[in-house]
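The structure appears right after this line, and notes come after that.
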Amino acid sequence: MTAEPAAALAESDALELLAHGEMEIEGRLVDASNTTLRAEITLNGLTRRCVYKPVRGEKPLWDFPDGTLAGREVSAYLVSRATGWDVVPPTILRDGPLGPGALQLWIDEPATAEALIGFVPAYDVPEGWIAVANARDEDGDAYALAHADDPRLARLAVFDAVINNADRKGGHVLYPATGSVHGVDHGVSFHVENKLRTVLWGWTGKPLADEAVAVLPELIARLDGELGEALEEHLTISEVQHVRLRAKRLLRAGRFPQPPQDWPAIPWPPV
């Protein structure tokens, strides 16, 4: 029998639980490239699951400084909160059983949740979906990597462009029972060079939605104030400045970005 998803928590309650709850490790998520643990966390009789990514479990990368991925996870949440779009689950940096690391609220997906990103037969792309890339299976049958033309995914695409997310796979998008869409795994974001790599290229070159045009100036203003100061606790000054630059460029262009020409535009595996 599939367990019922846990009831949704208010953001303030989730942050309090993550910051002060007692953690008990349940096991490791083996598909993750870095050490990623699922744990139960309890505070004042309230228990939820969380994802714990200890800094000591981060594998060295050639293009990101060692020991910074957890802080980038937290930074993604801070930017998400500033937009008001709730595209990243509550995430903090705290000490845990394996030392300091990122702690993120676990998001339950109901058994009936339907993914909005995936490979579909090239001749049968669902109505309302946008094909992004072509592929063939082992038998040579044609498929398309595609995603729904959904405003929740469009928000995520704008968010990814702002934080310069280098790893937006389909599997990094979650569909909770609330009807929202969450993105997770933002450890390789906020680089100063353009490293945007995503499966959400369906809107390339198209005008930004009105809500994005309204949110970006507010985000830029917050980057000049408390948000920028909060990000500087986890990122370099230059990285924070480039968040501001990317937001300004997006707003000035008024369109979704184009894929980079000197960097793989789609992560592998895509889903």
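Per-structure values
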read-out	value
Arg255/Phe119 FRET efficiency (R0 25 Å; Cβ-Cβ; nearest 0.05)	0.40
Neighbourhood net charge (10 Å Cβ-Cβ; Lys/Arg +1, Asp/Glu -1) for Leu43	-2
Sulfur and carbon atoms: percent of accessible area, the range 1-118 [1.4 Å]	50
Cα-centred dipole magnitude for the range 1-73, charges only on beta-carbon of K, R (+1) and D, E (-1), debye, nearest 20	220
Cβ-placed point charges (K, R +1; D, E -1), dipole of the chain about Cα centre in debye, nearest 20	760
Carbon/sulfur fraction of accessible area - the range 143-271, other protein chains in place, 1.4 Å, %	52
Gyration tensor (alpha-carbon) shape descriptor, the range 1-115, a/c threshold 1.5	rounded
Label corresponding to log10 I(q)/I(0) by the Debye sum over Cα atoms at q = 0.09, 0.17 Å⁻¹ when calculated from the structure given, among [x] -0.61, -1.21; [y] -0.41, -1.48; [z] -0.41, -1.67	[y]
Proximal charge balance of Val181 [Cβ under 13 Å; K/R count +1, D/E count -1]	-2
For the chain, built as a Gaussian network whose Cα springs stay under 10 Å, the top-fluctuating residue of Glu138, Glu232, Glu109	Glu138
Debye, to nearest 20: dipole size of the range 92-182, +1 on Lys, Arg Cβ, -1 on Asp, Glu Cβ	520
Between the range 195-271 and the range 1-71, the alpha-carbon center distance in angstrom	25
For the chain: accessible area per residue (Å², 1.4 Å)	50
Residue with peak Gaussian network fluctuation, the chain [Cα springs, cutoff 10 Å], from Leu78, Leu61, Leu231	Leu61
Candidates Asp63, Asp139, Asp150, ranked by Gaussian network fluctuation over the chain, Cα under 10 Å, top entry	Asp139
Under the Karplus curve 6.51 cos²θ - 1.76 cosθ + 1.60, θ = phi - 60°, whole-Hz ³J(HN,Hα) for the range 28-41, x wherever Gly or Pro sits	9, 8, 6, 7, 6, 6, 9, 4, 10, 10, 9, 9, 9, 10
Within the range 1-87, chymotrypsin sites (Phe, Trp or Tyr not before Pro) in DSSP loop having at most 14 other beta-carbon neighbours inside 10 Å	Trp62
Of Lys53/Lys195; Lys53/Lys248; Lys169/Lys195, those spanning more than 20 Å from alpha-carbon to alpha-carbon	Lys53/Lys195; Lys53/Lys248
Amide H contacts of Asn164 (H built 1.01 Å from N, under 5 Å, at least 5 apart or other chain)	Phe190
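The values are calculated or read from the model by the stated rules, or taken from the named source; none is laboratory data. These numbers were taken from a predicted model, which means no experiment stands behind them. All Cβ positions, even for glycine, are placed from backbone atoms using ideal geometry, and neighbour counts span all protein chains on display. The protein model used for the area step is the full one, side chains on, heavy atoms only, and it has no ligands, DNA or RNA in it. Shrake-Rupley method; radii C 1.70, N 1.55, O 1.52, S 1.80 Å.
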